[in-house]
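Some notes on the structure that comes next.
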Amino acid sequence: MSNLTTAPPAGAPSVRRRGGGRTPASRRRITGAGGNRHLFFILPAALFLLVFAVYPVVQLVRMSLSDVRVDNLGADWQFVGLENVIRNFGDGAFGGVIINTVVFVAIVTVLGLVGGLAAAILLAPTGKWPGLILALLVFVWALPPVVNGSVWKFLLGTQGLFNTLLTDLGLASTAVPFLFDDRLALVSVALVNSWVVIPFNALVYRAAIIGIPGELFEASRVDGASRWQEIRHVIIPSVRSTTMILTVLTVVYGFRSFDFIYVMTFGGPGTATTTLPFLGYVQAFVRFDFGLGASTALIAVLMVLVLAVIYARNVRQEEK
Amino acid sequence: MNSASRVQGRILVASAAAVALTLTGCTPSAQTPSGDGGGDGGGAQTLSVWHYFSDDNQVAILDEYKAMFEEANPDVTVENVFVPYDQLNPRLISSAASSTGPDVVVFNGADMSTLALGNALAPLDDYWADFADADQFPESVIHSLDDTVYAVQGYVNLLGLWYNADVLGEIGVEPPTTIDELDAALTAAVDAGQGGITLSGLPNSQGEWQAYPWLSSFGFTYDDPQREPLVEAFSMIQRWTESGALTREASTWDQTVPFQTFAAGGHAFAENGNWQMGTAESTADFSYGVVPLPIGAEGGVYLGGEGQAIGAFSEQPDLAWDYLEATYYSEEGGVIAAELVGSIPARSDAAGSEAVTGNDLMAPFADSIASNGTNYPAGVIPPESVADVQLAVGQAWSSVISGQLTPDAAADQVLAALEGLL
């Protein structure tokens, strides 16, 4: 080995080395070139991110600090500082929109996680039926939101399937105002969103559950654990890191949910189902106040960022 | 503004529009004129027409116009491009910011000022000045901003009160001519186990369009907005929802759903437009008719309908004008719209055709134009505030129907919003 790392004395005959006779220096150069090559491979993805993620966010910030209306969208944007944010918070209805958003995200997150875990536990065994149900779940998840939303709007109508069942079975004397009661409408749309997010969470949870060593289940059975105790003391602790990741993903999904509200209620009745993303859409693409809409979008982004930071700190503390 | 920042802006606008459209699942393909694209010279040409029609009968008009124009211009292919109603304006404005867009636009006439301010429409002054039949059109269908004509409506659409003659016969009432008679008829219908009235309460411009006749019937105007008329109108609507004459579900219905509900039977009335004649004929299996909305002398019915214009960035504006002249603005085109959908032609010669005068359902709409017709949007609303006013009133209307707001609170909300907009 030392021969390989010592330069031959001057005048000594050159010795052909294994590996093509490359010197350690040349190896280092190759290693260095390999590193650069890695960077080269990363470049397209980095460029893509810069153009389609970083640049729009920078422009979003710029737009949120400017007065951008329909008549100057393609021209000069006048800088107005925090005026758009102040206008938003000065609007009496904005507080209600924030509350709507938090309630919506909370319902989607809790039901999405609990439902996803429950479905994963039920579908964890391999076999024909779990596979079939899993395929159905993927189908539900993959359906375009516009289709899903339209179907659910029909199902939840006064003449829809749910109200027909409820009234025919005597569970309700009159049709339940799923989509037009000012309180129930938000819950109904959030439930539909949860129903859509459950399949994705179930798939991820199922992979985590399948990865739990079988010995853990055997040991718990030897100790006489019931099915519920097995879930509580084996499965839930084992999928904790998965839960953390899914929590963040589901919260982000809830925060950016727009399509179901658009299709099912258009933010109504009144503004009962207006959340931050929908408000941003209305401000930017109905009222054509692009600066105001951008500031709303930015507030939503910042709320998600705060949650992401809290999550990252929790993960770091756990790793310590 | 330097060119670099303009390019940046356009890229952003295009990205934002793409994201917004993707979010809503609506991504109409960009229509770029093919062929020589350089005007009316030889070679195959494609003329793109953006519209928001989804009703079969309304789509049929476009198909007829396409066939007409292609037959007269064998080298031209007319491409009708559907863009959902809520997406048409954003799509046009974002396209204009990146110097692209369709050749012809068929849009809600009330949005002309928004689109013109957004540089999405081409001025029509020169074409209109040279148009031999221009004197056939009344001033009310010519849309201008700062003395420049940007769009003209080939026909007028407005609201009326559709009634189910079978239901009215069952409850023994005549089609109402006043709000009191309407109230009594609704009570009788509900007592007989029938539905009362269907209308749209969607919290956007459609809601405002349907609300205005009732608001104005109690004396509300945008020229001098007062609280009392609003409270009275909103109270009437909540009386209807409390009695069951109007379902609170209407608070999230667009204008299509309430008419389909009416056409399915079991409802006494529908507040809806002349454009539903085709749907009524193909769907309703009961006797029906139309009377003017019973809103008294003070009430106003918007004279709406689609405006037609040339896209600001059309590469073949002359061809686009030829299309408009031969279809929407021609006598034959007006008759086609009347026959297929029941739209009332703006041209006086087409309005006097047998298709119009021989249609019993059109007469009440024509009466409404004469007695209650009102410019849409109200002239007092500044062009840059039109969208905000429509949204504010539409949201309050929806809230009242759903019971989210009391009539007093809704009136206060509307007045507070209008204060900064008018």
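Taking the longest Cα principal axis of chain A as reference, the axis of helix A:94-123 is set at about 70 degrees. Annotation: extensible slack from residue B:239 through residue B:81 equals 52.6 nm (criterion: 0.36 nm per residue apart, minus Cα-Cα distance).
The HN-Hα couplings worked out from phi for region B:390-406 by the Karplus form 6.51 cos²θ - 1.76 cosθ + 1.60 (θ = phi - 60°) are 4, 5, 4, 6, x, 5, 5, 4, 4, 5, 5, 5, 7, x, 5, 10, 6 Hz, whole numbers, x standing for Gly and Pro. Distances between every pair of Cα atoms in chain B, grouped in 10 Å steps from 0 to the bin holding the largest one, split as 5, 21, 31, 25, 13, 4, 1, 0 percent. Against chain B, whose longest principal axis is taken from its Cα atoms, helix B:56-72 shows a tilt of about 30°. Overall, the ratio between the Cα radius of gyration of region B:150-248 and 2.2 N^0.38 Å, rounded to two decimals, is 1.22.
Expressed as a whole percentage, what fraction of the accessible surface of region B:186-318 belongs to carbon and sulfur atoms when a 1.4 Å probe is rolled over the protein heavy atoms? Please report the intermediate quantities before stating the final value.
Working: 1760 of 4020 Å².
Carbon with sulfur: 44 percent of the solvent-accessible area.
Need one number: buried accessible surface between chains A and B, 1.4 Å probe, both sides summed, DNA, RNA and ligands left out, in Å² to 100. Rounded to the nearest hundred, the buried surface is 3300 Å². Between residue A:314 and residue A:216, the FRET efficiency from the beta-carbon distance, with R0 = 35 Å, is close to 0.90.
Evaluated at q = 0.16 Å⁻¹, the base-10 log of the normalised Debye intensity for region B:65-133, with identical point scatterers placed on the Cα atoms, takes the values -0.71. To the nearest Å, what is the center-to-center distance of region B:322-382 and region B:194-234, using C-alpha atoms only? Spelled out, the Cα-based centre of one part sits 24 Å from the other. Over chain B, Cα pairs under 8 Å with separation of 6+ residues give a relative contact order of 23 percent. Measuring nothing but how far apart in sequence close Cα pairs (under 8 Å, 6+ apart) lie, relative to its length, region A:133-279 scores a relative contact order of 31 percent.
Kirkwood Rh and Cα-based Rg: tell me the resulting Rg over Rh for the protein assembly as shown, rounded to two decimals.
1.07
Taking label positions 7 Å along the Cα-Cβ direction at both residue A:102 and residue B:226, the computed distance is 4.3 nm, reported to one decimal.
Take each residue of peptide B:398-406, count the partner chain Cβ atoms within 10 Å of its Cβ, and average: the result is 6.
Taking each residue as 0.36 nm, the span from residue B:192 to residue B:360 lengthens on full extension beyond its C-alpha to C-alpha distance by 57.6 nm. Partner shielding of B:87-99 amounts to 3, given as the average count of beta-carbon atoms from other chains within 10 Å of each residue beta-carbon.
Residues whose amide H comes within less than 5 Å of that of residue B:295, counting only those at least five positions distant or on another chain, are absent (H built at 1.01 Å from N in the peptide plane). Once the C-beta distance of residue A:122 and residue B:260 is scaled by a Förster radius of 35 Å, the resulting FRET efficiency is 0.30 to the nearest 0.05.
As an equivalent ellipsoid, region B:205-303 spans semi-axes of 25, 16, 12 angstrom, where each value is the square root of five times an eigenvalue of the C-alpha gyration tensor, largest first.
Treating r as the C-beta distance of residue B:72 and residue B:287 and R0 as 51 Å, the FRET efficiency rounds to 0.80.
Label sites at residue A:150 and residue A:252, each approximated as a point 7 angstrom past Cα along Cα to Cβ, lie 3.0 nm apart. Highest mobility in the GNM of chain A, judged by mean-square fluctuation with C-alpha springs under 10 Å and restricted to A:161, A:279, A:47, is found for A:47.
The values are calculated or read from the model by the stated rules, or taken from the named source; none is laboratory data. Bear in mind that the values here come from a model prediction, so they are computed numbers and not experimental data. Cβ coordinates were reconstructed from backbone atoms using ideal geometry, including for glycine residues, and neighbour counts include every protein chain displayed. With ligands, DNA and RNA removed, areas are computed over all heavy atoms of the protein, side chains included. Shrake-Rupley method; radii C 1.70, N 1.55, O 1.52, S 1.80 Å.
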